[in-house]
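The values are calculated or read from the model by the stated rules, or taken from the named source; none is laboratory data. Since the structure is predicted, the reported quantities are computational estimates derived from the model, not experimental observations. Please note: Cβ atoms are built from the backbone with ideal geometry, for glycine as well, and neighbour counts cover all protein chains shown. The protein model used for the area step is the full one, side chains on, heavy atoms only, and it has no ligands, DNA or RNA in it. Shrake-Rupley method; radii C 1.70, N 1.55, O 1.52, S 1.80 Å.
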Amino acid sequence: MAFPDKPIAHLLGSNGEPGCPFLKHLSLIYSPAVFNANFTNKPHPHNGQGPVHALTYSASPGTYVLAGSADRSIRLYNPQPSNAPHSSSSSSSSSSHITKKSGSDSNSPAAIPEGRLIQTYSAHGYEVLSLSVAADNARFASSGGDRSVFLWDVASAQTLRRFGGTAQAHTARINCVAFAGDGDSLLVSGSLDCSVRIWDVKSNSPKPIQVLSEARDSVSAVVVRGPEIVSGSVDGRVRSYDVRMGRCFTDVIGPSVTSLCLTKDGKAALVGSLDSKLRLMDRENGGCLKTYSNAGWKNEDLRVQSILGGKEQYVLVGDEMTGTPGQNGEGRIWAWDILTGELKAKVMVPWGPAGHEPKKFIGKDGKAKERSNVLSCSAWRENGFGDQYCVSGTSGIVTVFGYH
């Protein structure tokens, strides 16, 4: 089956506005000094939400999409369109979204409808950086720049628990969170403070039940599979913890690790790193099964998420857009065949619906610059086995792609 490269819906904020353009200050994964010194955290004065940093589908059948953004809010969407699609004007190059490897080109206008905003969740004091949904779809967890993990009730839009604000909690922003344990009774979080913490959601104790402190730099990703916790760190290591046996196995990647995605059988891991390469690693012997790269794809500065999709047929990743800037605010996603490493598609993703094209901004040199949609987060329905996926980033607008 061909790679699904046609947008089927846009998901916008409550007022239909795109997000703040200042993505980089929220996606850097280095020290707090760099984070605080170089970038402002002020929202865009004309937009309803900031860049989206976290995306996830609800648990099977994956009917809904959750998006966490820089405006401290989490939005729940139904990607099924609710209105007539927007027709792109012929003067906008965003109407041509797809650039396949074969070089085929289509300039016909695209009509992309909008999905439905169902609910907005607000409790975080800073940007939202990670989301995880429980298997029963009744709860989800979020983490972010306020050094807290929140456990939410989906139906009431109220927080059930907050893990943070104590001497035993994380001391820096929390980059990632995931459910774990029987009945999703645990939460696992990874932080800029170089630690992974495990929380008991059924206990009233504010203390983590375990702290994993082997990382020597920011923990950028965590994945849970049964009794195993896998973490990726800016120190260039992937660590696999067998919590029941009390063992830790370390695979040395080298460059800073920014993204992790396990195969369904758990035998391999897709690792994203800041050397413009993705690696499929054999988790049994630590060997590299396949490397994915392209001269036009650059990932050297920002945390750009990579995932598996199409029933583990494809490797999908966004683009920090430092190689070739997009036009009219476009972004790019790349897809490789997981077995052969062949590039299957390079998809141009519009900033948003027609009429939402970004304005230029003034660079440090005083000159007007074009904006690009840096697509830093992505999710595939049913953990890579569903019929659609979504991407987002700088624009604050989620673009949904699908087979149908």
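Structure values in brief
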quantity	calculated
Solvent-accessible ranking of Leu186, Leu131, largest area first, probe 1.4 Å	Leu186, Leu131
Relative packing of 153-161, 57-65, 268-276, which averages over residues the other C-beta atoms within 10 Å, highest first	268-276, 57-65, 153-161
³J(HN,Hα) computed for each position of the stretch 343-354 - Karplus, 6.51 cos²θ - 1.76 cosθ + 1.60, integer Hz, glycine/proline x	5, 9, 7, 10, 9, 7, 10, x, 4, x, x, 4
Surface per residue (accessible, 1.4 Å probe) for the stretch 134-239, Å²	38 Å²
The stretch 245-404 - Debye-derived log10 I(q)/I(0), Cα point model, q = 0.11, 0.12, 0.21 Å⁻¹	-0.46, -0.54, -1.39
Rel. contact order, % - alpha carbon contacts under 8 angstrom, at least six apart, the stretch 272-342	27 percent
Nonlocal amide H pairs with Ala54, under 5 Å, H built at 1.01 Å	Gly68
Separation of the Cys248 and Asp275 label points, Cα + 7 Å toward Cβ, nm	2.3 nm
The stretch 124-132 - phi-based ³J(HN,Hα) in whole Hz, Karplus 6.51/-1.76/1.60, Gly and Pro as x	5, x, 9, 4, 8, 10, 7, 9, 8
Low-density loop cleavage sites - trypsin sites (Lys or Arg not before Pro) in the stretch 167-214, where at most 15 other Cβ are within 10 Å (DSSP)	Lys202
Part-to-part distance (alpha-carbon centres) for the stretch 146-165 and the stretch 343-404, which is given in Å	28 Å
Rel. contact order, % - alpha carbon contacts under 8 angstrom, at least six apart, the stretch 308-388	36 percent
Förster radius 41 Å - calculated FRET efficiency between Gln158 and Lys360 (Cβ-Cβ, nearest 0.05)	0.50
Heavy atoms of Ser240 accessible to a 1.4 Å probe, total area in Å² rounded to 10	10 Å²
Highest to lowest packing among 305-314, 391-400, scored as the average C-beta count within 10 Å	391-400, 305-314
